[in-house]
Amino acid sequence: MAQTLDHEIVSIYPFTDAEVDQMMDNSVECVLMWGTKDGWPVGVTHAYVWHDGKIWITFASHRHRASAIRRDNRVSVNVSSKGYAVPNDELPQGAITFKGTGEFFDDDETKHWFYTALSQKLNPDSAEGEQFFYNLLDSPLRTILAVTPVKKIMYNGKTAGAHMAGTAEESDLGERLESDLERMNKERERRGLDPR
């Protein structure tokens, strides 16, 4: 069993690639975050599709976020297991924040596959609901943003719970990242605390 560590060390709880896919395929909402011209961080909740390792989102092209992301395409996207359409303890629990770059698409081919995929994801049991939502999305002002992740910040709630209970295996844990190695110990030293 893995030794229980300081509760402030959380970078050791990553998801596997398969768990990332499970969470991304089953959660129905994300928070897209960007920076405004005057430096404010802003986030808005969106429905999304996880496809080809990218997060696909849509909104009207006249929204402030469109011009902000065209000006600086560095964005973040947060997805949580709280966004599952139906709670399911068998699925990964926790959250992932993706740092990434955004690219806009306005071509008819991309719009068709994305509107279809998003409509099906949000209306899995209703062809009528799927068609209604597709028609709602299909407007001339709408644009599509694809976010390509460059970094993942992960918190695997199941692994954390097992670790805190003393039932996690060492192989379940990830490596301590820089924040939980160097930065944490510098802060502990600054506060007169022993290193971990």
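The values are calculated or read from the model by the stated rules, or taken from the named source; none is laboratory data. It should be emphasised that the depicted structure is a prediction, and the values quoted were computed from it without experimental measurement. Virtual Cβ from ideal backbone geometry, glycine too; neighbours counted across all protein chains shown.
For this structure, a couple of remarks:
- Restricted to region 116-153, and to residues there that are within 12 Å of Ile57 (Cα to Cα) and of a type in the set (A, V, I, L, M), the residue that is surrounded by the most Cβ atoms within 10 Å (Cβ to Cβ) is Leu145.
Results for (1) under 13 Å from the mean Cα position of the chain (by Cα); (2) polar (S, T, N, Q), shown as yes or no for each residue.
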{"site": "Ser80", "(1), (2)": "yes, yes"}
{"site": "Gly100", "(1), (2)": "yes, no"}
{"site": "Ala117", "(1), (2)": "no, no"}
{"site": "Leu137", "(1), (2)": "no, no"}
{"site": "Pro140", "(1), (2)": "no, no"}
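- Residues located in region 81-115, provided they are surrounded by 15 or more Cβ atoms within 10 Å (Cβ to Cβ) and over 13 Å from Ala146 (Cβ atoms): Ser81, Gly83, Tyr84, Leu91, Pro92, Gln93, Gly94, Ala95, Ile96, Thr97, Lys99, Tyr115
- Test: Arg196 is outside any strand (DSSP E or B), touching a helix residue (DSSP H, G or I) at 6+ places or on another chain (Cβ under 8 Å) and either on the phi > 0 side of the Ramachandran plot or not aliphatic (A, V, I, L, M) (or both): yes
- For region 150-166, the candidate set comprises residues that are within 15 Å of Gln93 (Cα to Cα) and in contact with a Pro (Cβ under 9 Å, 6 or more places away or on another chain); within that set, the residue that is modelled with the highest pLDDT is Met154.
- Qualifying residue in region 125-135 (condition: in contact (Cβ under 8 Å) with a residue 40 or more places away in the chain and either touching a Phe, Trp or Tyr at 6+ places or on another chain (Cβ under 8 Å) or among the aliphatic types (A, V, I, L, M) (or both)): no
- When the residues of region 170-193 are filtered to those that are in a loop (DSSP other than H, G, I, E, B) and touching a residue at least 24 places away in the same chain (Cβ under 8 Å), the one that is surrounded by the most Cβ atoms within 10 Å (Cβ to Cβ) is Leu173.
- Checklist (1) surrounded by fewer than 18 Cβ atoms within 10 Å (Cβ to Cβ); (2) touching a His at 6+ places or on another chain (Cβ under 8 Å) applied to Asp38, failing item: (2)
- Figure legend. Inter-residue proximity from region 60-89: first residues closer than 23 Å to Lys152 by Cβ, second residues crowded, with 16+ Cβ neighbours inside 10 Å and among the polar types (S, T, N, Q), beta-carbon distance below 6 Å, spacing 6+ or different chains. Indicated pairs: Ser76/Thr97; Asn78/Thr97; Val79/Ser27; Ser81/Gln93; Gly83/Ser27; Tyr84/Asn26; Tyr84/Ser27.
- The single condition among (1) farther than 30 Å from Val49 by Cβ; (2) in contact with a Ser or Thr (Cβ under 7 Å, 6 or more places away or on another chain) that Glu175 does not satisfy is (2).
- Residues located in region 26-40, provided they are under 22 Å from Gly94 (Cβ atoms) and free of Cβ contacts under 8 Å to residues at least 12 places away in the same chain: none
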